[in-house]
Amino acid sequence: MTKHFGNQITPAEFPELNRLVWNRDPRRPIDAVEVFALYERNWHFVDRDQLTRREAMLIDELGEEFGHGFKLM
């Protein structure tokens with residue numbers, strides 16, 4: 001569970017994550033561990049210059065929780 005975002009993440013609330021879930025309903029919450037896996041698998045598609053402060057914080061928290069010491073950013 002992330003510190004500020006809980007176990008379920010709604011992709012529509014995060015612009016870059018919203019783009020990564022093009023094949024599913026972005027309003028449907030996804031487990032945090034699955035969100036981390038989406039970012040990790042598709043990191044080359046993430047426009048880091050377009051990350052909001054909130055989304056950057058989400059990515060940091062996901063990395064701390066599920067990244068086994070590795071950070072995406």
- Query: Magnitude of the Cβ-charge dipole of segment 8-66, K/R +1 and D/E -1, about the Cα centre, nearest 20 debye?
  - Reply: 300 debye
- Note on the structure: Taking the reciprocal of mean 1/r across every pair of different Cα atoms in segment 11-73, the Kirkwood radius in Å is 11.7 Å
- Note on the structure: Scoring only Lys, Arg, Asp and Glu (+1, +1, -1, -1) among other residues with Cβ under 11 Å from the Cβ of Asn7 yields -3
- Task: List the chymotrypsin sites (Phe, Trp or Tyr not before Pro) within segment 1-64 that fall in a DSSP loop (any state other than H, G, I, E or B) and whose Cβ has at most 14 other Cβ atoms within 10 Å.
- Result: Trp22
- MRE, 222 nm, helices only [DSSP H, n ≥ 4, -39500 (n - 2.57), over the chain, to nearest 500]: -12000 deg cm²/dmol
- Message: In segment 8-66, if the dipole is taken from +1 on Lys/Arg beta carbons and -1 on Asp/Glu beta carbons about the Cα centre, which of Ala56, Pro15, Val35 is farthest to the positive end?
- Response: Pro15
- Per residue of segment 30-35, in order, report the coupling 6.51 cos²θ - 1.76 cosθ + 1.60 (Karplus, θ = phi - 60°) as ³J(HN,Hα) in whole Hz, putting x for Gly and Pro. 10, 4, 4, 5, 5, 4
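A short reminder: the numbers here are calculations on the coordinates, not readings from a lab. Here the structure is a predicted model, which means the values were calculated and not measured. Using ideal geometry, Cβ is built from the backbone for each residue, glycine included, and neighbour counts are taken over all protein chains shown.
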